[in-house]
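What follows is calculated from the coordinates using simple rules that are stated; it is not laboratory data. Remember, predicted model here, so these are calculated numbers, not experimental data. We place every Cβ from the backbone using ideal geometry, glycine too, and count neighbours over all the protein chains shown.
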Amino acid sequence: MTAATAHQLPAPRRLAMPEPLPPRPGAAQRYLRESGLLVGRGLRTATRVPERLSDVTLQPIVFTLLFLYVFGSAIRIPGMRYQDYLLPGMIAQSIAFGVIGSGVATATDFSSGVTDRFKSLPVTRLAVITAQIAGQMIEQIIGMLIIAALGLALGWRPRLNAGTLAGVTGLILLGLLAFTAFGVLLGMTLRSADAIQGIGFAVVFPMAFLGGTFVPIAGMRLIPRTIAEYNPLSAIVAAIRHLSQGTSSAGSWPLEHPVTAAIAYCAFITAVCLPLAVREFRKPA
């Protein structure tokens, strides 16, 4: 090769150094971002399958109308209208029914393979559980707003100020967290929507009827009254009724201190169910 030929060759290009990757977000930031994305995924699913929301829209309306006009025509509460007695109980009952809704949704994700896809992704395991609970809580809140609006239209007159309204709201959210976490754990354990429906109703209905939702606990016979006095849902019903109507209950320590007992019950259920749900989620398929 002559000097002239070498002069005509282009100069070798320098390879550009790749730009450094952005720093990976911290664990807390990843958890919050992943939880938000998964909650959005659940809410989009609900809008595309609107019949899925029938248990928090149509069912509360039917229950409220039936119990108000069937039981209300036969039951007399001393010094209190039946609307004011029933509606706080119906709101508390909706908290308990969150077990069925969250359990069915979780079991459906397991049976359809959605959960296996999440396990194959670098996603925080707790974020999947949190998103499932948060999404179901949002759906249950919709049902409670429907019950409250219907109750107000039918004559329910709560005695609420800013403080008691905040107390009722906090108690409802805490109860939803506890019972929804229990439903998610149940859905992960059974992994069958049909089984969740059967077992869920077998658990929730006795809790509702023995929770002072429709009739006073004091008028029950000894055995059901004893069960009702220490039923977690009884404390939630009594606490919501105490905050919204100013009533008091008697018969056991949880009923005499309903707000404290309701918080303790909900905190205990959450503390037990959340770690077990994460452990169940980490099990291989």
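Among 281, 71, what is the fewest-to-most ranking by other Cβ atoms within 10 Å?
Final ranking by Cβ density, sparse to dense: 71, 281.
Would you give the gap between the C-alpha center of region 218-262 and the C-alpha center of region 88-119, rounded to a whole Å?
If we compute the Cα centre of each part, the gap is 27 Å.
Using Cβ counts within 10 Å as a stand-in for footprinting exposure, how do 220, 188 rank, fewest first?
Values: 220 18, 188 23.
So the ranking, lowest neighbour count to highest, is 220, 188.
With n ≥ 4 as the cut-off for DSSP H runs, can you work out [θ] at 222 nm for the chain, using -39500 (n - 2.57) per run divided by the number of residues, rounded to the nearest 500? It would help to have the intermediate numbers written out before the result.
Numbers: 12 runs with 208 residues, N = 285.
Per the formula, -24500 deg cm²/dmol.
To the nearest 20 debye, what is the magnitude of the charge dipole of region 81-282 about its Cα centre, counting +1 on the Cβ of each Lys and Arg and -1 on the Cβ of each Asp and Glu? Mind dumping the intermediate values first?
Details: 12 positive and 8 negative charges, 20 e Å.
My answer is approximately 100 debye.
Once phi is turned into θ = phi - 60°, what whole-Hz ³J(HN,Hα) does the Karplus curve with 6.51, -1.76 and 1.60 give for every residue of region 84-96, x standing for Gly and Pro?
With the stated coefficients, region 84-96 comes to 6, 7, 6, 4, x, x, 5, 5, 5, 4, 4, 4, 5 Hz.
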